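Here is the structure we will look at, set down as C-alpha coordinates.
The values are calculated or read from the model by the stated rules, or taken from the named source; none is laboratory data. Please read all numbers here as calculations on a predicted model, not as lab measurements. Note that each Cβ is placed from the backbone with ideal geometry, even for glycine, and that neighbours are counted across all protein chains shown. All accessible areas refer to the heavy atoms of the entire protein, side chains included, with ligands and DNA or RNA removed. Shrake-Rupley method; radii C 1.70, N 1.55, O 1.52, S 1.80 Å.
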Amino acid sequence: MKSIISSKDPFGELSGAQKVPGLKQRFPDRVLVMTTDKCFGYCAHCTRKWILGKSPVVDTAEKLAACVEYVRRHPKVRDVLLSGGDVLTLSDARVKTFVDAFAALEQVEVIRVCTRAPVSNPKRITPALVRILAKSKKVWVNCHVNTAAEVTRCRDAAARLVDAGILVSSQTVL
(Lines give C-alpha, C1' and ligand atoms only; values in the text may rest on other atoms or scores of the structure.)
Protein backbone atom coordinates (compact mmCIF):
# COMPACT_ATOMS: atom_id res chain seq x y z
CA MET A 1 0.00 0.00 0.00
CA LYS A 2 1.40 3.37 -1.03
CA SER A 3 1.72 5.93 1.78
CA ILE A 4 -0.32 9.09 1.29
CA ILE A 5 2.47 11.03 3.04
CA SER A 6 5.08 10.16 0.42
CA SER A 7 2.77 10.59 -2.56
CA LYS A 8 3.53 13.50 -4.86
CA ASP A 9 -0.23 13.96 -5.34
CA PRO A 10 -1.86 12.79 -2.07
CA PHE A 11 -5.34 14.10 -2.91
CA GLY A 12 -5.41 13.28 -6.62
CA GLU A 13 -5.30 16.94 -7.62
CA LEU A 14 -3.31 16.25 -10.78
CA SER A 15 -5.19 13.11 -11.76
CA GLY A 16 -8.47 14.58 -12.93
CA ALA A 17 -10.11 15.48 -9.61
CA GLN A 18 -10.86 18.98 -10.89
CA LYS A 19 -14.42 19.72 -11.99
CA VAL A 20 -13.31 22.72 -14.05
CA PRO A 21 -9.73 23.91 -14.49
CA GLY A 22 -8.53 25.43 -11.24
CA LEU A 23 -11.51 24.28 -9.15
CA LYS A 24 -11.46 21.24 -6.87
CA GLN A 25 -14.38 19.73 -4.99
CA ARG A 26 -13.96 16.89 -2.50
CA PHE A 27 -16.91 17.78 -0.27
CA PRO A 28 -20.46 18.62 -1.39
CA ASP A 29 -20.61 21.97 0.45
CA ARG A 30 -17.27 23.51 -0.52
CA VAL A 31 -14.87 24.07 -3.37
CA LEU A 32 -11.24 25.12 -3.54
CA VAL A 33 -10.24 27.61 -6.22
CA MET A 34 -6.58 27.57 -7.23
CA THR A 35 -6.02 31.30 -7.67
CA THR A 36 -2.26 31.12 -8.24
CA ASP A 37 0.70 28.79 -8.00
CA LYS A 38 2.75 31.35 -6.03
CA CYS A 39 3.13 31.27 -2.26
CA PHE A 40 4.83 33.34 0.43
CA GLY A 41 6.48 30.18 1.75
CA TYR A 42 6.65 26.53 0.88
CA CYS A 43 5.96 24.69 4.13
CA ALA A 44 7.41 21.22 4.62
CA HIS A 45 4.00 19.74 5.48
CA CYS A 46 2.08 21.42 2.64
CA THR A 47 -0.04 18.94 0.68
CA ARG A 48 0.04 21.16 -2.43
CA LYS A 49 3.72 22.04 -2.66
CA TRP A 50 4.20 19.12 -5.04
CA ILE A 51 1.62 20.39 -7.53
CA LEU A 52 2.42 24.12 -7.60
CA GLY A 53 3.34 24.99 -11.16
CA LYS A 54 1.74 21.75 -12.43
CA SER A 55 -1.92 22.18 -11.58
CA PRO A 56 -4.23 24.54 -13.50
CA VAL A 57 -4.90 27.89 -11.86
CA VAL A 58 -7.69 30.40 -12.42
CA ASP A 59 -5.71 33.09 -14.19
CA THR A 60 -8.21 34.46 -16.73
CA ALA A 61 -11.68 35.99 -16.61
CA GLU A 62 -12.99 33.02 -18.60
CA LYS A 63 -11.65 30.50 -16.08
CA LEU A 64 -13.10 32.48 -13.19
CA ALA A 65 -16.48 32.65 -14.97
CA ALA A 66 -16.40 28.85 -15.41
CA CYS A 67 -15.70 28.40 -11.68
CA VAL A 68 -18.50 30.78 -10.69
CA GLU A 69 -20.90 29.01 -13.05
CA TYR A 70 -19.93 25.63 -11.58
CA VAL A 71 -20.69 26.89 -8.07
CA ARG A 72 -23.97 28.44 -9.26
CA ARG A 73 -25.03 25.07 -10.73
CA HIS A 74 -24.22 23.30 -7.44
CA PRO A 75 -26.45 24.96 -4.82
CA LYS A 76 -25.06 22.84 -1.97
CA VAL A 77 -21.76 24.71 -2.28
CA ARG A 78 -21.76 27.36 0.44
CA ASP A 79 -18.02 27.66 1.16
CA VAL A 80 -15.41 28.80 -1.39
CA LEU A 81 -11.73 28.53 -0.49
CA LEU A 82 -9.44 30.91 -2.36
CA SER A 83 -6.06 29.27 -2.23
CA GLY A 84 -3.39 27.90 -4.48
CA GLY A 85 -0.45 28.93 -3.65
CA ASP A 86 -1.60 31.97 -1.75
CA VAL A 87 -4.30 34.29 -3.10
CA LEU A 88 -2.73 37.27 -1.31
CA THR A 89 0.36 37.06 -3.53
CA LEU A 90 -1.97 38.57 -6.16
CA SER A 91 -2.73 42.27 -6.56
CA ASP A 92 -5.56 43.90 -4.61
CA ALA A 93 -7.51 44.23 -7.86
CA ARG A 94 -7.20 40.52 -8.59
CA VAL A 95 -8.13 39.54 -5.02
CA LYS A 96 -11.19 41.82 -5.30
CA THR A 97 -12.19 40.14 -8.56
CA PHE A 98 -12.20 36.71 -6.90
CA VAL A 99 -14.00 37.87 -3.74
CA ASP A 100 -16.64 39.87 -5.62
CA ALA A 101 -17.34 37.05 -8.09
CA PHE A 102 -18.17 34.51 -5.40
CA ALA A 103 -19.73 36.97 -2.93
CA ALA A 104 -22.33 37.79 -5.60
CA LEU A 105 -23.68 34.24 -5.33
CA GLU A 106 -26.44 34.17 -2.72
CA GLN A 107 -25.74 30.53 -1.83
CA VAL A 108 -22.13 31.30 -0.86
CA GLU A 109 -21.98 31.99 2.86
CA VAL A 110 -18.21 31.91 3.37
CA ILE A 111 -15.25 32.88 1.20
CA ARG A 112 -12.15 31.56 2.89
CA VAL A 113 -8.97 33.43 2.03
CA CYS A 114 -6.27 30.86 2.76
CA THR A 115 -2.99 32.69 3.31
CA ARG A 116 0.36 32.97 5.02
CA ALA A 117 0.53 36.72 4.35
CA PRO A 118 -0.12 37.85 7.96
CA VAL A 119 2.91 35.77 9.01
CA SER A 120 5.22 35.95 6.00
CA ASN A 121 4.39 39.45 4.77
CA PRO A 122 2.28 41.27 7.41
CA LYS A 123 2.60 44.57 5.51
CA ARG A 124 0.50 42.96 2.75
CA ILE A 125 -2.53 43.36 5.04
CA THR A 126 -3.04 47.02 4.12
CA PRO A 127 -6.07 49.17 4.92
CA ALA A 128 -7.06 49.00 1.24
CA LEU A 129 -6.90 45.18 1.19
CA VAL A 130 -8.81 44.96 4.47
CA ARG A 131 -11.60 47.12 2.97
CA ILE A 132 -11.78 44.81 -0.06
CA LEU A 133 -12.02 41.72 2.13
CA ALA A 134 -14.53 43.24 4.57
CA LYS A 135 -16.96 44.65 2.01
CA SER A 136 -18.95 41.47 1.29
CA LYS A 137 -19.12 40.38 4.94
CA LYS A 138 -18.55 36.83 3.69
CA VAL A 139 -14.75 36.65 3.95
CA TRP A 140 -13.02 34.57 6.58
CA VAL A 141 -9.20 34.64 6.61
CA ASN A 142 -7.62 31.30 7.37
CA CYS A 143 -4.02 32.12 8.27
CA HIS A 144 -1.57 29.27 8.24
CA VAL A 145 0.65 29.60 11.33
CA ASN A 146 3.49 27.11 11.89
CA THR A 147 5.18 28.19 15.13
CA ALA A 148 4.54 30.17 18.31
CA ALA A 149 6.90 32.88 17.06
CA GLU A 150 4.71 33.29 13.98
CA VAL A 151 1.67 33.97 16.15
CA THR A 152 3.45 37.03 17.53
CA ARG A 153 4.64 38.08 14.08
CA CYS A 154 1.11 38.09 12.63
CA ARG A 155 -0.63 39.75 15.60
CA ASP A 156 -0.92 43.27 14.12
CA ALA A 157 -2.00 42.07 10.67
CA ALA A 158 -4.61 39.77 12.21
CA ALA A 159 -5.84 42.63 14.41
CA ARG A 160 -6.41 44.83 11.33
CA LEU A 161 -8.60 42.10 9.84
CA VAL A 162 -10.51 41.41 13.06
CA ASP A 163 -11.08 45.14 13.66
CA ALA A 164 -12.79 45.26 10.24
CA GLY A 165 -15.15 42.46 11.24
CA ILE A 166 -13.32 39.68 9.39
CA LEU A 167 -13.16 36.33 11.13
CA VAL A 168 -9.53 35.15 11.37
CA SER A 169 -8.69 31.55 12.15
CA SER A 170 -5.48 29.63 12.20
CA GLN A 171 -4.58 26.35 10.62
CA THR A 172 -1.65 25.07 12.60
CA VAL A 173 0.34 21.88 12.30
CA LEU A 174 0.94 20.38 15.73
Note to self: I need the P(r) histogram for the stretch 53-174: all alpha carbon pairs, bin width 10 Å from 0 out to the longest distance, whole percents.
What the structure shows: 13, 45, 32, 9, 0
Item checked: Near-label residues of the stretch 63-86 by backbone N, under 16 Å of a point 7 Å along Cα→Cβ of Asp100 -> 64-65, 68
Notebook entry, point to check: On the accessible surface of the stretch 63-154, probed at 1.4 Å, how many percent belong to carbon and sulfur atoms?
Noted result: 58 percent
Next item on the list: Using label points projected 7 Å from each Cα along Cα→Cβ, tell me how many nm separate Tyr70 and Lys19, to one decimal.
Entry: 0.7 nm
Checklist line | Label-point separation, Arg131 to Ala148 (7 Å along Cα→Cβ), nm | finding: 3.9 nm
